[in-house]
1. For residues that are part of a loop (DSSP other than H, G, I, E, B) and within 16 Å of residue 542 (Cβ to Cβ), tally how many sit in the stretch 560-585.
2. I need a count of the residues in the stretch 389-420 that are modelled with pLDDT of 95 or more and at positive phi.
3. When the residues of the stretch 120-132 are narrowed to those that are surrounded by 15 or more Cβ atoms within 10 Å (Cβ to Cβ) and not hydroxyl-bearing (Ser, Thr, Tyr), which ends up modelled with the highest pLDDT?
4. Inside the stretch 479-514, can you point out the residues that are assigned to a strand (DSSP E or B) and of a type in the set (A, V, I, L, M, F, W, C)?
5. Considering only the stretch 295-329, how many residues are without any contact (Cβ under 8 Å) to a residue 12 or more places away in the chain and under 25 Å from residue 179 (Cα atoms)?
6. In the stretch 150-172, how many residues are open to solvent by 40 Å² or more (accessible area, probe 1.4 Å) and more than 16 Å from residue 117 (Cα to Cα)?
7. So in the stretch 207-226, with the set limited to residues that are more than 30 Å from residue 64 (Cα to Cα) and not small (Gly, Ala, Ser), which one is least open to solvent (accessible area, probe 1.4 Å)?
8. Would it be correct to say that residue 548 is open to solvent by 10 Å² or more (accessible area, probe 1.4 Å) and modelled with pLDDT of 95 or more?
Amino acid sequence: MVSLRPNGVYTKAQLQKELETLATCGMFERVDLEGKTNPDGSIKVTISFLESTWQSAEKFRCINVGLMPQTKPVEMDPDMTDKEKLDFFISQEKDYRRRIDRARPCLLPTPIYRDVMKMLSDQGKVTARSLQKIRDTVQKWYHDEGYACAQVVNFGNLNTKEVVCEVVEGDITQLLIQFQDKLGNVVEGNTQFPVVWRELPKQLRVGHVFNIEAGKQALRNINSLGLFSNIEVNPRPDEKSEGGIIVEIKLKELDQKSAEVSTEWSIVPGRQGHPTLASIQPGGTVSFEHRNIKGLNRSFLGSVTTSNFFNPQDDLAFKFEYVHPYIDGVYSPKNRTFRTSCFNSRKLSPVFTGGPGLDEVPPIWVDRSGVKANITENLTRQSKLTYGLVVEEITTRDESSHIAIAGQRVLPNGGISADGPPTTLSDTGIDRVAFLQANITRDNTKFVNGAIVGDRNVFQVDQGLGIGSKNPLFNRHQLTLTRFLQLKNVEEGAGKPPPPVLVLHGHYGGCVGDLPSYDAFTLGGPYSVRGYNMGELGAARSILELAAELRIPIKNTHAYIFAEHGNDLGTSKDLKGNPTEVYRRMGQGSSYGAGVKLGLVRAEYAVDHNSGTGAIFFRFGERF
C-alpha cells in the first residue's frame, strides 16, 4: 500500500499526501512517518503502523457495487450527545444495509468463498493484513478469469460477524463501433453496423461484465469477415457512470475493389545446360474482387488463368463467384450464405497413370465447365452444412488437346494405341451431368502454442439425378476422420513450446451406380499415400486410406515420422475398363518415412513399401 520507493525523489507535499492516504484508508488506527537525514544527504524514512483490528467474522459476502454511487465517509460531530451518536451509528448501519440489498451478487465462485472463510477462521480477529490477503485473493481470481477491469474498492460491516467485500467488476455501459480511415480519423464506414454487431459475443454486450477473452473472441469473429485491415477492441472507464466500462471497437476497412495480375515464364535447360525460356509467350492469372457490396459483406470475385496470354483460348481456365451472406436477413440469428459460381478448369487425370515398371502413359486431361449453386449453414460454431446443385460438362482430351474417348498406351514399337479404358460414361469423350451435393463438416481443432490439436470430421455425398449423358444415377460418398491427439500437457502462452501430437487419419470413399473414370477414387500421392505418384496405386469404386503421423516439436518448427496405407478394397475390377489392371498398378500399397516442416514447405523422405525404394519430396501445405 506504500507507494514510496527506495532511491526515489519526493517533495514534502508528496510525503504529506502519502501519510494522509495511509491514515484515511481505514486499515490503520495510527500511522507515523519519521524522517532522518543521513550523512550523504539522503533521508531515511521510517513508517510505523498500528494495525486496525475488528471482531472475528463468521460470514463472508462479495457484492458488485459497480454503477452504484460510492460511499463517502460522513464525519461525526464531536459535540453529539451519546444518544445522538447512537442514532448516528444506527442510521449509518441502515444506510449500508440498504446499499447491500441494492447491490448485485458478484461472480466469485463457491471455492473462492471457501478459501476466504478458511482465511478468516484461521486468523481469528479481522485485521488489516487479513483484509489485504482477501483483496489479493479476490482480485487474483477476477484477473485470472479475464475480468481485467475488476477491483476491490472497499470492505464493509467490519464490526459485525459478516465481512462484506465490495467489488467493481467492470459492467459494460456502452458499446461504440467506429470506422477509421488510414490516418486514424473517425469516418462514416461502408459496412452496415448489424454485420459487425452479429459477430460480437453476448459477453461483450451492454449489461455484461467486460472480459478480455470476450474481447479476443470479438476480434477473431470480426477478423473472419475479411473486411477490415485493422481491428481494435479497447475498454475505457465511463466518466458519466461510476464503475462502468465503455467498449470501443475501432475498424479500418479494406478497399472495396481490388485487382491483381501475375505472370510467369517457364524455364528449361538449353544448350550446354544453360537455363533458357521454354517460350517467350507469358502465362499467368488475372484476378479481381469487389467485396462488401452494399455494406452487407456480399462479394463478387473472379480469376482467369492461361499459359499463353497471346492465345488464351488453348487452355483458358476461369472462375467467377458471387457470395451472398445472411440470406435470411442480417438480423436473423440464422447464418446461411448463398454462393453461385461458373467455372472452366483443366486438370490432369490421375486415373490414367502407369504403375511401377510401366513406360510413361500418355496423359489424359479432364476439362470441366459448368455452374454451381449452394447454401452453407452454420449448425454450431464448430459444424457447418453445405448443400446445393452442380451442373457441368466434362470433356476428356489427350496431350494435343484433341477429344479422347479412351485411355492410351505406348506400344513396344513406340507407337501409341488408343484402346485403353473409356474416359467418359457416354463413350464420346464428352459427358453432361447434374447432381446434388451435400457436405457436413465438424471441426473441433484448436492451436496450442502453434500445434493443432482436436478432431475434424467431414462427410460428403453426391447424388446423381438421372439428368445428362446416359441418364447417370449414382450415389458417391466420402467420410474423412482425423484426430490430433495432444500427448503432453504444456503451459500455453507466447513463446512456449508446443506439445508433441499424434495424428490418426482415416478416409473412405465409395460409389453405387454409374461411375465414369474421371470421378473414380484414386490411390497414391501427397494427399493420399505419400511416397507414390498421383494415382500410382490404382483407381477404384471404393477405397480406404489409413495414416498415422507423430509430430515432435523442435526449435521453431516440428519433425515427424509417418506410416500410411491405401487399399482399393477389391473394387478396381468394378470400374469400367479396369484402369488399375490395364496400367499394371497394385491396387494397394503402404509407405513410411520422416520429414520436417520448413515454413510452408514439408521436406520428407518416404519409402515406397511395394518396391522398397525411397525418395525425397518437397510439398507445400499440410497433409491433414
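1. Our first condition is that a residue be part of a loop (DSSP other than H, G, I, E, B); within the stretch 560-585, this holds for 568-571, 575-578, 583-585.
Then drop every residue that is not within 16 Å of residue 542 (Cβ to Cβ), which leaves 568-571, 575-576, 578, 585.
Selection size over the stretch 560-585: 8.
2. 0
3. 131
4. In the first step, residues of the stretch 479-514 are kept if they are assigned to a strand (DSSP E or B); the result is 479-486, 501-513.
Correct list: 479, 481, 484, 485, 501, 502, 503, 504, 511, 512.
5. Here the count works out to 1.
6. Of all residues in the stretch 150-172, those open to solvent by 40 Å² or more (accessible area, probe 1.4 Å) come to 151, 153-154, 159-161.
Next cut, more than 16 Å from residue 117 (Cα to Cα) only: 151, 153-154, 159.
Result for the stretch 150-172: 4.
7. 222
8. Details: open to solvent by 10 Å² or more (accessible area, probe 1.4 Å): yes; modelled with pLDDT of 95 or more: yes.
The answer is yes for residue 548.
The values are calculated or read from the model by the stated rules, or taken from the named source; none is laboratory data. All values derive from a computational prediction rather than experimental measurement. All Cβ positions, glycine included, derive from the backbone under ideal geometry; neighbour counts span all protein chains shown. The accessibility values were calculated without ligands, DNA or RNA, using every heavy atom of the protein model including side chains. Shrake-Rupley method; radii C 1.70, N 1.55, O 1.52, S 1.80 Å.
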